[in-house]
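I have a structure here, written as structure tokens, and I will follow up with some questions on it.
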Amino acid sequence: MSIKPDHWIRKMAKEHGMIEPFTDQQVRNTDNGTKVVSFGLSSYGYDLRVSDEFKVFTNIHNTIVDPKNFEDNAFVSLQTPECIIPPNSFALARSVEYFRIPRNVLTICIGKSTYARCGIIVNVTPFEPGWEGYVTLEISNTTPLPAKIYANQGLAQVLFFESEHPCEVSYADRNGKYMNQVGIVTPRM
């Protein structure tokens, strides 16, 4: 298995729709010159953007976080250009980009250093071979202060690993429970 460089990612995005919409270069400024948290194609990965849809964790209902019996009222849903995550809390969001992962590719998604240096950790599980959908992103604020997340800007980097052989059973073949995600998807059993 080998990590794939920018020209491979570009080819897979353009010829196979692996990433849509696809930004062919690293973007650091808007057209009017405003600085943004970078997104788009990088040397050995792709920096995905976070959409303006967020589910911010709240405990107003004294809910217990239970992955086997998750209650959606543990979140407040927001659509906003800037999301404030309370201290020592987290939010779920989704990517702007839709991904289609080939049968012989596995990805690892890690947070961007700009946010990590502010105590904001992005946790995303691997995109398995055959998976497709918008990515549900978990954003943790590890600080004792509120943290701001900017919609439509970079949040995490996706690294692509290609195998010489396709997997025997893909995520799609298993009818994975997070296949074809459209919005923010909370835990499923």
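Does LEU145 fit the bill of being buried (at least 20 other Cβ atoms within 10 Å of the Cβ) and farther than 22 Å from LYS11 by Cβ? Full working, then the answer.
Values: buried (at least 20 other Cβ atoms within 10 Å of the Cβ): no; farther than 22 Å from LYS11 by Cβ: yes.
In short, no.
State whether the residues of region 134-142 include one that is polar (S, T, N, Q), open to solvent by 60 Å² or more (accessible area, probe 1.4 Å) and farther than 16 Å from ARG49 by Cα.
Of all residues in region 134-142, those polar (S, T, N, Q) come to 136, 140-142.
Within this subset, residues satisfying the condition of being open to solvent by 60 Å² or more (accessible area, probe 1.4 Å) are 142.
Checking which are farther than 16 Å from ARG49 by Cα leaves us with 142.
Yes, because at least one residue in region 134-142 is polar (S, T, N, Q), open to solvent by 60 Å² or more (accessible area, probe 1.4 Å) and farther than 16 Å from ARG49 by Cα.
Among the residues of region 37-60 satisfying the criterion of being open to solvent by 30 Å² or more (accessible area, probe 1.4 Å) and not in a loop (DSSP other than H, G, I, E, B), which is farthest from PHE127 (Cα to Cα)? Steps first, answer last, please.
So in region 37-60, the residues open to solvent by 30 Å² or more (accessible area, probe 1.4 Å) come out as 43-44, 49, 52-53, 55, 57, 59-60.
Then keep just the ones that are not in a loop (DSSP other than H, G, I, E, B); that gives 49, 52-53, 55, 57.
Values: ARG49: 16, ASP52: 22, GLU53: 20, LYS55: 21, PHE57: 24 Å.
The residue in question is PHE57.
Here's something else I'd like to know. Can you pull out every residue in region 26-35 that is open to solvent by 70 Å² or more (accessible area, probe 1.4 Å) and not in a loop (DSSP other than H, G, I, E, B)?
ARG28, ASN29, LYS35 - these are the residues of region 26-35 that are open to solvent by 70 Å² or more (accessible area, probe 1.4 Å) and not in a loop (DSSP other than H, G, I, E, B).
Here is a follow-up. So, in region 71-120, of the ones that are under 22 Å from THR186 (Cβ atoms) and free of Cβ contacts under 8 Å to residues at least 24 places away in the same chain, which residue ends up least open to solvent (accessible area, probe 1.4 Å)?
ALA74
Yes or no: GLY17 small (Gly, Ala, Ser) and under 28 Å from PHE161 (Cβ atoms)?
Details: small (Gly, Ala, Ser): yes; under 28 Å from PHE161 (Cβ atoms): yes.
Considered against the rule, which asks whether it is small (Gly, Ala, Ser) and under 28 Å from PHE161 (Cβ atoms), GLY17 comes out as yes.
Write out, first by first residue and then by second, each pair whose Cβ atoms fall under 7 Å of each other, whose residues are 6+ apart or on separate chains, and whose first residue, in region 2-18, is aliphatic (A, V, I, L, M) while the second is open to solvent by 70 Å² or more (accessible area, probe 1.4 Å).
From region 2-18, the pairs are ILE3/TYR44; MET18/ARG100.
So in region 10-25, with the set limited to residues that are closer than 14 Å to PHE39 by Cα and under 17 Å from the mean Cα position of the chain (by Cα), which one is surrounded by the fewest Cβ atoms within 10 Å (Cβ to Cβ)?
So the residue we want is PRO21.
The values are calculated or read from the model by the stated rules, or taken from the named source; none is laboratory data. Given the structure is predicted, the values throughout are model-derived calculations rather than measurements. Quick reminder, even Gly has a Cβ in these numbers, built from the backbone with ideal geometry, and neighbours come from all protein chains shown. Just so you know, the surface numbers come from the protein's heavy atoms only, side chains and all, with ligands and any DNA or RNA stripped out. Shrake-Rupley method; radii C 1.70, N 1.55, O 1.52, S 1.80 Å.
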